[in-house]
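Undergrad: This structure is in structure tokens; I'll ask about it shortly.
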Amino acid sequence: MNTLLCEDISWVGAVDWNLRDFHGYETERGATYNAYLIRDEQPTLIDTVKAPFVETLLANIAELTALDEVRWVVCNHAEPDHSSGLPRIMGALPNAALVCTEKCRQTLDKYYDIRGWNLRIIRQNDALAIGKRTLEFIQTPMAHWPESMFTWSPRDRVLFSMDAFGQHYATSERFDDETDLCKMYEEAKIYYANILLPYGGAVSRAMAAAAKLDIAMIAPSHGLVWRGHIPKILEAYTRWSSGVVAPRALILYDSMWSSTALMARAICDGVQAGGAQAQLHHVRRSGLTRIATDALEAAAIAAGSSTLNGGPMPMAAAALSYLQGLKPPCKAALAFGAYGWTKGGAEAVQSCFESLKWDIIRGPIRAQYKATTETLEECRAAGRLLAEKALEAAKY
């Protein structure tokens, strides 16, 4: 495994081959917890790992330098997948001080007993001289959590980017030009859609700060390091964080006795007849992670559910709740669904769209018990209208 980023900087993290769930986000390709060791006059560890992988991290460090020679540990982000190893690490590195923001310190203090830790609190525009290098710190609040920051090494032109530009992707390679770029890019997109989508404004501000740097390498806290395709991922992040969409409609549905499914397919037919792309998801078969990823670049979303116990079907409700939390920027929207003796399914979808302040193209389309020929034609017409809206909104 090639772990050398550049002269005196090495990856010392851990690969989690078996991780398949990250607080509800499906990680089909596993994950990595990336940490980086800078061997300078004052050896510095950038980021750490999840607690079960601490011994791997310490062994990797020990192959490169004595543990008691490490002088600094930089914590870019306090979430436990990066910080839960810190209590053991700070004990194993007796001469190291922890470098973090005040907000990060406050967060770490909620998770761990940090009494006795040597702390160096970083403020805006602070830098840290470690020998030939002077590290700079870019505070990026809410480019995931309030305490998030980037670390920049101007000498090496390496940006240690915390969760930004990351992917949950376990491989034996460490760099983008050593692996299947299509898979890596797809995982970066999945990561953005399911983790960073609600924070588009903060990500845009972080991108503006990164744009001022002459970056040769981006070293995130998860996944592979970007060195061969940096313009591609920077362009993608600029697009995703600014809400740029494709000429595409996403149709989500759950159905009890096929009427809502027929309505979904009729809407899909209408979208395609209108000249836009269509993606159709049965929510019980697609999974929330895939739905969120496809929602990222969709210009329009139609969602439908049969009525069950006066409300939507359970997985339709879950998908709507997930999207509400991720807060995708404004989409053209359409609610639909079948019902029996009481309404509720389509109305719940409509309520979700209203809370998201999306552009609802018309009132819900409903079918009582069975979707009639007239209802399906109404769905096709609505699909054509969705296509029109999607084509108008598309920027690429």
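The numbers here are math on the coordinates, done by the rules we state, and not lab data. All values derive from a computational prediction rather than experimental measurement. Neighbour counts run over all protein chains shown; Cβ positions are idealised from the backbone, glycine included.
Undergrad: Output the Cα-based Rg and Dmax of region 246-393 in Å, rounding Rg to one decimal and Dmax to a whole number.
TA: Looking at region 246-393, its Cα Rg and Dmax stand at 13.3, 39 Å.
Undergrad: In Å and from the alpha-carbon atoms only, list the Rg and Dmax of region 1-130.
TA: 14.6, 42
Undergrad: Return the unpartnered cysteines for the chain, using a Cβ-Cβ cut-off of under 4.7 Å.
TA: Flagged as lacking a Cys partner: CYS6, CYS182, CYS268, CYS330, CYS352, CYS379.
Undergrad: Placing +1 at every Lys and Arg Cβ and -1 at every Asp and Glu Cβ, with all other atoms neutral, what dipole size does region 157-274 have around its Cα centre, in debye to the nearest 20?
TA: For this selection, approximately 360 debye.
Undergrad: Can you find, among VAL225, ALA62, SER241, the residue farthest towards the positive end of the dipole of the chain? Put +1 on the C-beta of Lys and Arg, -1 on that of Asp and Glu.
TA: SER241
Undergrad: Which of the GluC sites (Glu not before Pro) across region 48-157 are loop residues per DSSP, with 13 or fewer other Cβ within 10 Å?
TA: GLU63
Undergrad: So what's the Cα pair-distance distribution over region 31-71, bin width 5 Å, in %?
TA: 5, 24, 36, 23, 9, 3, 0
Undergrad: Same structure, new question: Using square roots of five times the C-alpha gyration tensor eigenvalues, list the equivalent-ellipsoid semi-axes of the chain in whole Å, biggest first.
TA: 46, 20, 17
Undergrad: Regarding region 68-215, what is the average projected area of its C-alpha convex hull, in nm²?
TA: If you wrap the Cα atoms of region 68-215 in a convex hull and average its projections, you get 9.7 nm².
Undergrad: Enter the Cα centre distance for the pair region 1-31 and region 133-167, rounded to the nearest angstrom.
TA: About 17 Å separates the Cα centre of region 1-31 from the one of region 133-167.
Undergrad: Cross-link partners among aspartates and glutamates for LYS189, C-alpha distance below 18 Å, same-chain residues fewer than 8 apart left out?
TA: ASP21, GLU26, GLU28, ASP163, ASP176, ASP177, ASP180, GLU235, ASP294, GLU297
Undergrad: Let me ask something else about it. Considering only DSSP beta bridges with both partners in the chain, what is the antiparallel share in %, to the nearest 5?
TA: Details: 26 of 64 bridges.
In the chain, approximately 40 percent of DSSP beta bridges are antiparallel ones.
Undergrad: Related question: Taking only C-alpha pairs under 8 Å that are 6+ residues apart, what is the relative contact order of the chain in percent?
TA: Relative contact order here is 13 percent.
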